[in-house]
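Asks: My questions all concern the structure below.
The values are calculated or read from the model by the stated rules, or taken from the named source; none is laboratory data. Worth saying up front: this structure is predicted, and the values here are computed from it rather than measured. Cβ sites come from the backbone with ideal geometry, for glycine too, and all protein chains shown count toward neighbours. For the accessible areas, the whole protein counts, side chains as well, though only heavy atoms, and no ligand, DNA or RNA atoms are used. Shrake-Rupley method; radii C 1.70, N 1.55, O 1.52, S 1.80 Å.
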Amino acid sequence: MASLSVKPGQRFTLPDWQNNCHLISADAEHQRSTSHQIRQEARALRNDTGNQAKWDECDSRTRLKDRITSVDRWREALAKCLTDIDLEIDALTKVKEAAEDALQAKNLCLDVAIECLTFRESRRDIDVVRDPVEEELHREVKVIERTKKELQQRVDEAFKQLCILKEARQQLNCDHRHKVEALDLDRQCLSFNVTSGNISFKVNPTRIPDGTTSLREWEQNSQFNKAHAEAEMKASVELRGAIMLTIAQTNNELDAQRTATEFALRKRIRDMEGALSELRWQEKNTLEEIAEMEEDIRQLEEDLRKRTLDLKVAHTRLETRTYRPHVELCRDQAQYGLTGEVQQLEAAIRALQQKRTESQDALDALYRQLHRIQTDIGYKTNSLQLDNKCMDTRRKLVISVEKFDPEIDAVNRTRNLPRNSQLEL
């Protein structure tokens, strides 16, 4: 008889077949539900990211406009200050030329007085007497020589003030030029949009370039340049008034500009000494903080080394337990414990590495700050030495002007000059 052919292979039961169908159906339902949830989340994410991008771009545009307004306001202020300082340089130059003309005019007076004295030396016999005319001529020579000395001093002061004004103008011009360039760049940035043809990805665009300053430092720099120029212009106005008064008055005039400058130098020296004291205190504290940070980094590295050794031990234990035979290769409590230990150690190592990186970055920042402090100390020490040299040099020229001019304010040490400094010669 022919036998029934039986197909080889595993046979499943009907419940298995039904369970498989239910499982497939359940998996399909689950996948569709998951897909629906992901789609909803994706739509929400698209809406959120789109709205956030629009708000961020609007905020950036507003910030750029505000920045352009601020820079443009400073540019206008610096431009006006440049115009004023140019006018002041021209005015001081004319006053200096007037003082030089007056000084040149005194040579003729001196030549005439000396010539008269020479003529009188030709007298003979009893006529060679010391009469009032000779005394007046000698007194005239002394007055002229004193006047020439005062005028020459005023000319030298005017030349020094011109140099300071030109230096201040150069700083203003440089600051003004930089602001014009910054305005062009910011306006160019404001004109960018998604349809611009020159937009592209850049390498590390969020980096902080070397030499970057804070907003406060930026504003303080412009304020300092403007205030410095205004202060020097104010000093120049006072000096012009003093020069014109010196031309008109030949007897014992006080140099208001020199007094004001010496007062400013004394104040500057006091401020510089206070700043140096503060910087040295900051240097000391920074050095102490660097030492503590270096010690903490060494301890972090030591703990990192210890945790690495612990991780090696845990890895070795896990690897060794994989060679257990047959049924002994089970996930027992020791296996769970070792796995948890590995995870904890890896997390601890990552945290220690992150903290070591942060500590190293902080240490580098401390070293940079220390270098900056030490550099600033060098600058201020040099400036203090120069200011002291200026004081020592100017001390040779100090004259107690109160005994010569009762109109001198002994508190402010400034002359009560007319407000309109454009005095007529």
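Asks: Counting only protein heavy atoms and a 1.4 Å probe, tell me what percentage of region 1-106's accessible area is made up of carbon and sulfur. Numbers along the way, then the final one.
Replies: Details: 4650 of 8390 Å².
C and S atoms contribute 55 percent here.
Asks: Let me ask something additional. May I ask you to evaluate 6.51 cos²θ - 1.76 cosθ + 1.60, the Karplus curve with θ = phi - 60°, for each residue of region 45-59 and list the ³J(HN,Hα) values in order in whole Hz, giving x for glycine and proline?
Replies: Each residue of region 45-59 in turn: 5, 4, 4, 5, 5, x, 5, 5, 5, 5, 5, 5, 5, 5, 5 Hz.
Asks: Under a crude label model (7 Å from the Cα following the beta-carbon direction), how far is Leu108 from Glu76 in nanometres?
Replies: 5.1
Asks: Still on this structure: Can you compute the modelled spin-label distance between Asp210 and Asp156, with each label point 7 Å from Cα toward Cβ, in nm?
Replies: 4.4
Asks: Applying the Karplus parametrisation 6.51 cos²θ - 1.76 cosθ + 1.60 with θ = phi - 60° to the phi angles of region 81-93, what ³J(HN,Hα) value in whole Hz is obtained for each residue in order, glycine and proline being reported as x?
Replies: Coupling constants for region 81-93: 5, 5, 4, 5, 6, 5, 4, 5, 4, 5, 5, 5, 5 Hz.
Asks: Heavy atoms only, 1.4 Å probe, whole protein assembly: order Asp101, Asp86 by accessible area, highest first.
Replies: Numbers: Asp101 105, Asp86 60 Å².
Putting Asp101, Asp86 in descending order of accessible area: Asp101, Asp86.
Asks: Put a dot 7 Å past each Cα toward the Cβ at Ser33 and Trp218; how far apart are the dots in nm?
Replies: The modelled label-to-label distance comes out at 5.5 nm.
Asks: What's the carbon and sulfur percent of region 321-384's accessible surface, probe 1.4 angstrom, rounded to a whole number?
Replies: Carbon with sulfur: 54 percent of the solvent-accessible area.
Asks: Compute the FRET efficiency between Val180 and His138 as 1/(1 + (r/R0)^6), taking r as their Cβ-Cβ distance and R0 = 56 Å, and round to the nearest 0.05. Provide the component values of the computation, followed by the final result.
Replies: Numbers: r = 62 Å, r/R0 = 1.11.
Plugging the Cβ-Cβ distance into 1/(1 + (r/R0)^6) gives 0.35.
Asks: Related question: In this model, which of Lys94/Lys234; Lys106/Lys160; Lys94/Lys179; Lys226/Lys284 are farther than 27 Å apart at the alpha-carbon?
Replies: Details: Lys94/Lys234 17 Å; Lys106/Lys160 23 Å; Lys94/Lys179 32 Å; Lys226/Lys284 34 Å.
Check vs 27 Å cut-off fails for Lys94/Lys179; Lys226/Lys284.
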